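**Q** Attaching a single structure in structure tokens format; questions to follow.
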Amino acid sequence: MLKNTDSQYGYFNIMAHWLTAVIVIGLFCLGIWMISLDYYHPWYKDAPQIHRSLGILLALLIVLRLLLRLFMPVPKPLASLKRWERITSVLVHWSMYGLVLITIILGYLISTADGRAISVFGWFEIPATLTSIPQQADLAGELHYYFAVTLLILVGIHALAAIKHHFIDKDTTLLRMLGRER
Amino acid sequence: MSKKTISPFLLATLFLVVGNATAADYVIDTEGAHASINFKFNHLGYSWLSGTYKTFSGNFKWDAAKPEATVINVEVDVNSLDSNHAERDKHIRSDDFLDVKKYPTAKFDSTSVTPIKDNKLLVKGNLTLHGVTKEIVIDARPVGEGEDPWGGYRAGFEGTVTLNTVDFGMPGFVPTNQVHLELLIEGVRQ
């Protein structure tokens with residue numbers, strides 16, 4: 001089953017979800033690690049290059065997911081969910097979409113602050129647009145960090161909620177995102 | 001009073017007046033960008049990396065006949081550092097190096113100017129950078145002076161000085177810990 005139904009996630013959605021999870025967490029760890037590197041570290045140049053490239057690819061993936069939601073609605077929440085659970089899940093889902101996009105835009109503004117384009121693994125380039133904000137790289141850099149941390153906090157809440165549904169509520173919330181809904 | 005006693009007195013007065021009139025005040029022409037503060041440092045021991053401070057202001061007193069009476073004061077907006085690579089500038093501005101949030105300005109106030117041979121000047125003064133004030137000596141030279149085509153009068157100088165980043169409380173980024181400053185200064189007489 002490739003497409004979502006009313007009660008089940010299709011494989012396309014499931015893959016996009018877990019790919020996003022891996023890239024978001026990977027980018028966060030890579031980002032924290034790369035800013036700690038000494039100038040003479042062998043990865044000092046390549047780590048940020050990979051981080052930038054993956055960030056752009058993640059933006060494309062997120063935009064693709066948002067577009068897909070227009071044509072292929074996600075399954076309805078389980079009927080067993082309480083009202084506050086439905087409300088917070090919607091809030092957390094859309095906040096994560098918003099935060100991930102804002103974080104990527106801020107990252108883009110760091111790397112392109114001097115008019116340089118971002119080369120995505122050498123495959124294609126994303127040109128600079130906004131370059132005239134005073135100390136743009138510094139300001140965007142600081143915000144990029146705080147937005148990324150906030151995003152990761154929400155990712156944590158999202159993951160804890162999934163674990164709660166699986167082990168405490170014993171419902172199929174997590175299982176259906178694994179494609180194993182009975 | 002006889003004429004004999006008046007004349008030397010008048011002459012002396014005249015000399016003083018003229019002497020004062022030529023020790024003119026100049027404002028560094030940052031408005032027209034006829035001045036720059038450039039830096040370069042060694043990259044990995046293999047090459048030079050250069051950049052500039054885009055925003056600074058200053059003034060000086062200058063009289064070609066009395067170079068030792070020269071006084072110069074310059075204030076630099078350290079934030080305005082530009083090495084033509086935003087991410088590198090961000091790194092140099094960070095607390096790894098210049099810590100511009102804590103120390104947004106650098107300033108130089110001359111304490112003495114000594115003319116030496118070949119029309120050169122040794123400009124001694126206090127440089128405050130990264131919150132540390134140290135005496136430095138700039139090797140300087142007047143480039144030229146005279147009327148400009150627009151009704152003003154300008155005087156220009158060039159100078160170089162090598163700073164040790166460790167002296168100013170910064171880590172040694174480059175193999176040599178040295179930053180070379182090139183000062184190209186043009187002032188407009190007020």
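The values are calculated or read from the model by the stated rules, or taken from the named source; none is laboratory data. Note that the coordinates shown come from a computational prediction; the quantities given were computed from them, not determined experimentally. Ideal geometry is used to build each Cβ from the backbone, glycine not excepted, and the neighbour counts take in all protein chains shown. The accessibility values were calculated without ligands, DNA or RNA, using every heavy atom of the protein model including side chains. Shrake-Rupley method; radii C 1.70, N 1.55, O 1.52, S 1.80 Å.
**Q** Return one quarter of the surface area of the convex hull spanned by the alpha-carbon atoms of the stretch A:4-64, equal to its mean projected area, in nm². Numbers along the way, then the final one.
**A** Values: hull surface 18.6 nm².
The directionally averaged projection comes out at 4.6 nm².
**Q** Pull up the cross-link candidates among the lysines for B:Lys101, meaning alpha carbon to alpha carbon under 30 Å and not fewer than 8 places away within one chain.
**A** Those lysines meeting the cut-off are A:Lys45, B:Lys40, B:Lys54, B:Lys90, B:Lys124, B:Lys134.
**Q** Something else: Can you tell me the orientation of helix A:11-34 relative to chain A, as the angle in degrees between its alpha-carbon axis and the longest Cα principal axis, to the nearest 10?
**A** 40
**Q** Mind checking which aspartates and glutamates have their C-alpha under 19 Å from A:Lys82, skipping anything on the same chain fewer than 8 residues away?
**A** Partners within reach: A:Asp6, A:Asp169, A:Asp171.
**Q** Which residue fluctuates the most in chain A, going by a Gaussian network model with Cα springs under 10 Å, if the choices are A:Tyr39, A:Tyr11, A:Tyr108?
**A** For chain A, modelled as a Gaussian network with Cα springs under 10 Å, the answer is A:Tyr39.
**Q** Here is a further query. Give the relative contact order (percent, whole number) for chain B; include only Cα pairs under 8 Å separated by 6+ residues.
**A** 22
**Q** While we're here: Chain pair B, A: how much accessible area is buried, both chains summed, with a 1.4 Å probe, in Å² to 100?
**A** Chain pair B/A: roughly 1200 Å² of buried accessible area.
**Q** In whole Hz and in residue order, list the ³J(HN,Hα) couplings for the stretch A:83-93 that follow from phi through the Karplus curve 6.51 cos²θ - 1.76 cosθ + 1.60, θ = phi - 60°; x for Gly and Pro.
**A** 4, 5, 5, 5, 5, 5, 5, 5, 4, 5, 4
**Q** Just which residues of the stretch A:107-156 lose 40 Å² or more accessible area with every protein chain there, against their chain alone, with the probe set to 1.4 Å?
**A** Listed in order, they are A:Asp114, A:Arg116, A:Gln135, A:Asp138.
**Q** Sticking with this one: With a Förster radius of 30 Å, plug the Cβ-Cβ distance of B:Leu44 and B:Ala69 into 1/(1 + (r/R0)^6) and report the FRET value to the nearest 0.05.
**A** Once rounded, the FRET efficiency stands at 0.10.
**Q** Specify the angular offset, from 0 to 90 degrees and rounded to the nearest 10, of the alpha carbon long axis of helix A:136-167 from the longest principal axis of the alpha carbons in chain A.
**A** Approximately 20 degrees, to the nearest 10.
**Q** What base-10 log of the normalised intensity I(q)/I(0) is obtained for chain A from the Debye formula, alpha carbons as equal point scatterers, at q = 0.11 Å⁻¹?
**A** Debye output, listed in q order: -0.56.
**Q** For A:Leu178, A:Leu70, write out the residues from largest to smallest accessible area, computed with a 1.4 angstrom probe and no ligands counted. Walk me through the numbers on the way to the answer.
**A** On the way: A:Leu178 80, A:Leu70 130 Å².
Descending accessible area places them as A:Leu70, A:Leu178.
**Q** Oh, and also: Roughly how big is the stretch B:24-189's charge dipole about its Cα centre, with Cβ charges of +1 (Lys, Arg) and -1 (Asp, Glu), in debye to the nearest 20? Write out the running numbers ahead of the final one.
**A** On the way: 17 positive and 24 negative charges, 65 e Å.
Charge dipole of the stretch B:24-189: 320 debye, to the nearest 20.
**Q** Heavy atoms only, probe 1.4 Å: what % of the accessible area of the stretch A:3-125 goes to carbon and sulfur, would you let me know?
**A** Here it works out to 72 percent.
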